[in-house]
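Heads up: the structure comes next, in structure tokens.
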Amino acid sequence: MKTLWLARLSRPDLLKPLSDLTRRVTCWTRADDKRLYRLMNYLKATPNLTLVNRIGDKAEDLKLNLYTDADHASEAEHAQSTSGCLLTLEGPNSWYPLTWLSKKQSATARSTTEAEMISLCTGIFGDALLIQEFAEQIFEKEVQLQCHQDNSAVIQIVEAGYSPKLRHVSKTHRINLSSLYEVFEDPSVRLTYISTDKQCADIFTKALAPCKFPHALDLLQMKDTAKA
């Protein structure tokens, strides 16, 4: 529980493996012992790794950025996908993460596009719109919310409000798609494409290969303060 508190406070790199382990408490195995041991070794080896936040711009130059991603049914234990979200306050000289999320989807997605759409909906209605409204009251101006998605098919479907390829989706998912279409009709909320190698939320969806992990930490602006 202490480690989970740390992951929510200042170590987003720990959130995905911890979320996986918390779901295994009632069906713990020796493999989970090994996962926990590896996680504790990583934590012990990186005591000075932390988020580097900065605000160097005026309020009128700041905007909210929402990064959402999903990993389609890659877990061996279940068929549900995992949603990953990161909400930041950014400007030309600013980077300040506000909230992050790694969550198993409650409904089974039949494609990557469907899983990504659910993740986008989770990020938008979970935190982003509420924080946008709060920021507008604090700054006393309209605050732009820009959503970054690395799946171009999701962008096209959300902009159209419907896709024949998703005519099979359940009532819940249809409501998600329709509500997203209405949200992005607001000019203060934009949906843009971002390449996968710049997708900050990727680390919250799956276990990354060792060669990709340092780059994922760089995207989160996580630095070893002892070396700085």
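Note on the chain: the C-alpha convex hull projects to 13.5 nm² when averaged across all orientations.
In region 95-165, inverting the average of 1/r over every pair of distinct C-alpha atoms gives 14.0 Å as the Kirkwood radius.
Between ARG38 and PHE134, how high is the FRET efficiency from 1/(1 + (r/R0)^6) when r is the Cβ-Cβ distance and R₀ = 45 Å? Nearest 0.05.
FRET efficiency, ARG38 to PHE134: 0.75.
In this calculation the C-beta distance from CYS211 to ALA45 is compared with R0 = 25 Å, giving a FRET efficiency of 0.90. Across the protein chains, with a 1.4 Å probe defining accessible surface, the residues PHE139, PHE134 rank PHE134, PHE139 from largest area downward.
On a per residue basis, the convex hull of the C-alpha atoms belonging to region 81-127 measures out at 75 Å³.
Let me have the 222 nm mean residue ellipticity of the chain computed from DSSP H runs of 4+ only, each contributing -39500 (n - 2.57), with the sum over all residues rounded to the nearest 500.
Value at 222 nm, helices only, nearest 500: -11000 deg cm²/dmol.
Its Cα gyration tensor gives region 12-81 an equivalent ellipsoid, and the semi-axes of that ellipsoid, as √(5λ) in whole Å with the largest first, are 33, 20, 8. Near LEU49: Cβ cut-off under 15 Å, other residues only, Lys/Arg at +1 and Asp/Glu at -1. The net charge is +1.
Given Cα pairs under 8 Å that are at least 6 residues apart, what percent is the relative contact order of the chain?
Over the chain, the number comes to 24 percent.
How large is log10 I(q)/I(0) at q = 0.13, 0.15, 0.23 Å⁻¹ when the Debye formula is applied to the Cα atoms of region 23-126, each weighted equally and without solvent? These q points yield log10 I(q)/I(0) values of -0.70, -0.86, -1.11. For SER94, nonlocal amide neighbours, meaning residues 5 or more places apart or on other chains whose placed amide H falls under 5 Å from its own, are GLY56. On the beta carbon distance between GLU142 and TRP5, with R0 = 25 Å, the FRET formula returns roughly 0.10. From the P(r) of region 51-100, could you give the percentage of C-alpha pairs in the tail past 18 Å? Looking at region 51-100, the distances longer than 18 Å represent 46 percent of pairs. Solvent-accessible area of region 39-161 (1.4 angstrom probe, protein heavy atoms only): carbon and sulfur portion equals 49 percent. Considering only GLU140, GLU116, GLU159, the mean-square fluctuation computed in a Gaussian network model of the chain, springs between alpha carbons under 10 angstrom, is largest for GLU140. At the residue level, MET40 shows approximately 70 square angstrom of accessible surface with a 1.4 angstrom probe and all protein chains present.
Taking 0.36 nm per residue of sequence separation and subtracting the Cα-Cα distance, how much length would be gained by fully extending the chain between ILE55 and GLN221, in nm to one decimal?
Extra length from ILE55 to GLN221 when fully extended: 58.4 nm.
Within the full protein context, the accessible area of ASP218 is estimated at about 80 Å² for a probe radius of 1.4 Å.
The values are calculated or read from the model by the stated rules, or taken from the named source; none is laboratory data. Just so you know, these numbers come straight off a predicted model, no measurement behind them. Positions of Cβ are backbone-derived with ideal geometry, glycine not excepted, and every protein chain shown enters the neighbour counts. SASA here: full protein model, heavy atoms, side chains in, ligands and nucleic acids out. Shrake-Rupley method; radii C 1.70, N 1.55, O 1.52, S 1.80 Å.
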